[in-house]
1. Can you name the residue in segment 766-804 that is open to solvent by less than 10 Å² (accessible area, probe 1.4 Å), outside any helix (DSSP H, G or I) and touching a Ser or Thr at 6+ places or on another chain (Cβ under 7 Å) and is also nearest to V485 (Cα to Cα) among such residues?
2. If I ask for residues that are in contact with a strand residue (DSSP E or B) (Cβ under 7 Å, 6 or more places away or on another chain) and buried (at least 21 other Cβ atoms within 10 Å of the Cβ), which ones from segment 164-191 would you list?
3. State whether one or more residues within segment 512-528 are modelled with pLDDT of 95 or more and within 15 Å of M577 (Cα to Cα).
4. Which ones in segment 748-765 are under 13 Å from I732 (Cβ atoms) and open to solvent by less than 40 Å² (accessible area, probe 1.4 Å)?
5. Pairs under 7 Å by beta carbon, first residue at positive phi in segment 504-533, partner assigned to a helix (DSSP H, G or I) and open to solvent by 10 Å² or more (accessible area, probe 1.4 Å), six or more apart or different chains?
6. Return the residues of segment 658-681 that are in contact (Cβ under 8 Å) with a residue 60 or more places away in the chain and either under 20 Å from M535 (Cβ atoms) or not polar (S, T, N, Q) (or both); say none if nothing qualifies.
7. Are there any pairs, at least 6 apart or on different chains, whose C-beta atoms fall under 8 Å, with the first in segment 431-449 and within 21 Å of W389 (Cβ to Cβ) and the second part of a helix (DSSP H, G or I), and if so, which?
8. Being aromatic (F, W, Y) and within 25 Å of S218 (Cα to Cα) is the filter here, so list the residues in segment 259-315 that pass it.
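The values are calculated or read from the model by the stated rules, or taken from the named source; none is laboratory data. As the structure is a prediction and not an experimental result, all values here were calculated from the model. Here Cβ is always computed from backbone atoms with ideal geometry, including for glycine, and neighbour counts include all displayed protein chains. SASA here: full protein model, heavy atoms, side chains in, ligands and nucleic acids out. Shrake-Rupley method; radii C 1.70, N 1.55, O 1.52, S 1.80 Å.
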Amino acid sequence: MKQVSSITFGPCYGYLCFSAERPTLLRFTHHFKSHSTRAMASHIVGLPRIGPKRELKFALESFWDGKSSAEELQNVAAGLRSCIWKQLADAGIKYIPSNTFSYYDQMLDTTAMLGAVPPRYGWKSSEVGLETYFSMARGNAHVPAMEMTKWFDTNYHYIVPELGPHIRFSYASHKAVDEFKEAKALGLDTVPVLIGPVSYLLLSKPARGSEQSFPPLSLLRYILPVYKEVVAELKAAGATWIQFDEPTLVWDLDANQLQAFAHAYSELESSLSGLNVLIETYFADVTAEAYKTLTSLKGVTGYGFDLIRGEKTLDLINDGFPSGKHLFAGVVDGRNIWANDLASSLRTLQALEGIVGKDKIVVSTSCSLLHTAVDIVNETELDKEVKSWLAFAAQKVVEVNALAKALSGHEDETFFSTNAAAQASRKSSPKVTNEAVQKAVAALKGSDLRRATNVTARLDAQQKRLNLPILPTTTIGSFPQTIDVRRTRREFKDKKISEEDYVNAMKEEINKVVKLQEELDIDVLVHGEPERNDMVEYFGEQLSGFAFTSNGWVQSYGSRCVKPPIIYGDVSRPKPMTVFWSSLAQGMTKRPIKGMLTGPVTILNWSFVRNDQPRFKTCYQIALAIKDEVEDLEKAGITVIQIDEPALREGLPLRKAEQALYLGWAVHSFRITNCGVQDTTQIHTHMCYSNFNDIIHSIIDMDADVITIENSKSDEKLLSVLPEGLKFGSGIGPGVYDVHSPRIPSDTELCVKIKNIIKVLENNMVWVNPDCGLKTRKYSEVQPALSNMVAAAKYNRQMLRRSD
């Protein structure tokens with residue numbers, strides 16, 4: 001392999017830019033000394049696919065808007081893939097993944113591969129094309145999208161397969177083979193990555209019209225023939241390794257589910273003959289039973305484990321590892337942005353080497369680097385000391401290679417010394433600790449803060465003040481962020497316009513949003529959040545203990561990218577954050593304006609969180625800061641305050657034994673934020689895009705007055721558990737339409753949805769609202785959709801009055 005003194009992604013992206021002036025800087029920033037021309041035993045589970053400057057996002061949205069062709073989109077994608085492969089090879093990575101790129105989501109790619117397209121999309125048995133693919137992901141003018149939910153406990157989302165007993169699978173997307181051949185043509189041998197057959201089925205749901213008790217796992221024998229076809233093509237194309245991602249092995253699986261893994265790989269054994277097979281797990285420990293099943297699978301060459309979030313797996317390896325097999329040791333964190341403690345990781349690797357053998361250990365990431373930002377070299381404004389503590393995806397590749405070299409006896413002493421100095425700096429820096437905050441959190445020990453009055457009495461007091469109609473209407477918070485709004489924010493940030501001009505522009509936008517809602521006759525209004533870049537970043541920028549990036553984008557789903565804040569120190573609120581804008585909006589209308597806040601658990605789970613103290617301590621710090629903001633909003637005359645917690649379930653540990661502890665401090669954190677307000681102040685919360693059915697009791701324990709929750713995109717399955725809310729008595733707003741699709745629901749369709757909701761819930765509990773915020777939609781979609789929603793609510797009000 002050719003040795004290079006410096007490794008860069010930059011030139012690869014030159015032709016991808018949408019303007020000649022756009023800089024493209026993605027580079028591995030360490031200069032290695034040449035010790036050997038042989039690639040070390042190193043592996044990357046997966047990499048970010050969006051591009052260093054979100055090239056994929058812009059290409060996708062241009063294509064969706066009809067501004068560019070499919071060929072142009074495919075050219076951008078090909079450029080991104082080839083650049084990543086070449087630079088991993090130049091970095092000395094031995095096992096380079098392919099088929100980890102996706103236009104939207106790898107689970108959706110697998111659905112296409114299996115020809116598991118729901119009938120409503122009108123697909124006929126052939127290769128699944130982009131039109132069908134994106135219709136499944138986003139819906140179209142005629143049919144809604146498939147359900148989207150969180151990928152395990154991350155902020156990434158996947159499209160949930162819909163499988164029924166009568167489905168017929170067929171090999172309908174050759175993407176895995178095509179991309180392997182694409183890399184091969186560049187002179188690169190890659191490891192094709194497939195979502196494993198068992199995990200695919202366990203992550204699926206029963207199709208519409210099927211019995212909800214139908215187990216998708218029962219379809220295992222029907223999908224294996226397609227996997228065999230894919231494997232045969234990969235072998236014919238020259239593949240020597242193949243990686244099956246089976247992340248569900250970290251769940252608490254029953255005997256039947258574990259047996260499915262044994263059956264699947266026994267059935268695939270003959271097809272896999274001649275290939276080296278890696279089974280990759282991530283995000284948590286595997287149980288002793290799962291470890292035994294995994295290490296007994298037939299035809300498997302190596303096993304990948306997350307040794308960052310799965311430290312207990314080390315004990316299982318110590319107790320016995322199958323002779324002659326490879327251990328892909330995930331010692332570099334793929335979920336966070338802190339620099340690896342190289343000395344500690346090297347000690348772990350050396351201990352493992354003594355168990356599995358020197359030539360059988362492979363240094364790897366704990367999971368795909370999809371969940372990290374792309375490259376820290378693009379961050380020119382970060383505090384230098386804080387920056388020295390960080391490693392984004394490009395730097396983590398360097399860490400993997402450095403550890404592999406050190407394990408082989410070629411430690412780069414300068415690199416390790418610099419790393420050790422950064423670790424020491426972080427432990428001793430005064431930027432990290434605030435004694436007053438630490439004392440305030442310590443005072444919470446053993447407390448159980450909550451509002452003194454029960455929710456029924458509070459709702460009565462609030463209704464006397466607010467005088468809302470039955471089936472009150474509202475939205476979730478954000479309104480479309482137009483090009484003009486984004487440009488104004490950017491110009492203010494770049495100091496191209498004055499603060500006065502900025503405030504006037506935002507005031508004009510807020511007034512437009514308020515007047516539109518009045519014209520639509522919505523009952524509880526929002527100010528539209530034009531001043532906010534992101535629901536977490538906006539608050540983090542105003543809290544101490546946070547750092548921010550310029551280009552630290554991470555994919556959330558499809559073209560949607562977020563820029564998570566970095567929590568590096570103790571958190572506090574120096575001054576009010578939202579009171580000015582909420583008060584401004586309230587002065588424009590006599591209808592109640594909701595004060596809009598992001599809750600502490602969501603800020604925590606959607607940030608890169610410090611790993612030098614327990615997460616609950618950081619969450620309590622954020623909760624106390626939000627509590628100050630809630631009380632200032634109340635003092636300013638805001639009578640309805642929404643504290644969003646869409647990420648509550650996202651942080652739920654994957655292992656059941658650990659869930660109660662998390663839910664305890666997470667729910668308490670939410671209650672801390674509003675425990676001091678008056679009974680007449682109505683507290684809302686909002687949740688979306690997770691499966692909340694199994695934590696409904698914890699949601700009730702949050703003690704909010706009104707809960708608005710995603711329901712429409714998930715086929716209204718939430719309605720089956722909402723009667724639990726009757727035991728609590730809060731207002732509940734199950735979302736009536738999916739805001740992540742351009743499709744505009746009719747008033748007739750929405751009437752039916754509201755009618756179905758009030759069949760399940762008491763009339764005086766129900767709120768009518770969309771699934772989520774409207775930030776990503778256009779006004780041409782939002783205005784008719786909300787008009788239809790209000791009309792449907794009014795129609796159902798009339799029907800209820802007639803029936804009284």
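1. L774
2. The answer is A176, E179, F180, A183, T190, V191.
3. Here is the first cut: in segment 512-528, the residues modelled with pLDDT of 95 or more are 512-528.
After this cut, where a residue has to be within 15 Å of M577 (Cα to Cα) as well, the list is 527.
Yes, segment 512-528 contains at least one residue that is modelled with pLDDT of 95 or more and within 15 Å of M577 (Cα to Cα).
4. Pass one, segment 748-765, residues under 13 Å from I732 (Cβ atoms): 754, 757-758, 760-765.
Matches in segment 748-765: I754, I757, I758, L761, M765.
5. Once the first residue is at positive phi and sits in segment 504-533, its partners that are assigned to a helix (DSSP H, G or I) and open to solvent by 10 Å² or more (accessible area, probe 1.4 Å) give G528/E509.
6. Passing the criteria: A666, H668, S669, F670, R671, I672, T673, N674, C675, V677, D679.
7. Pairs that qualify, where the first residue is within 21 Å of W389 (Cβ to Cβ) and the partner is part of a helix (DSSP H, G or I), are K431/E385; K431/V386; V432/R426; V437/Q621; V437/L624.
8. First, the residues of segment 259-315 that are aromatic (F, W, Y): 261, 265, 282-283, 291, 303, 305.
Within segment 259-315, F261, Y265, Y282, Y291 qualify.
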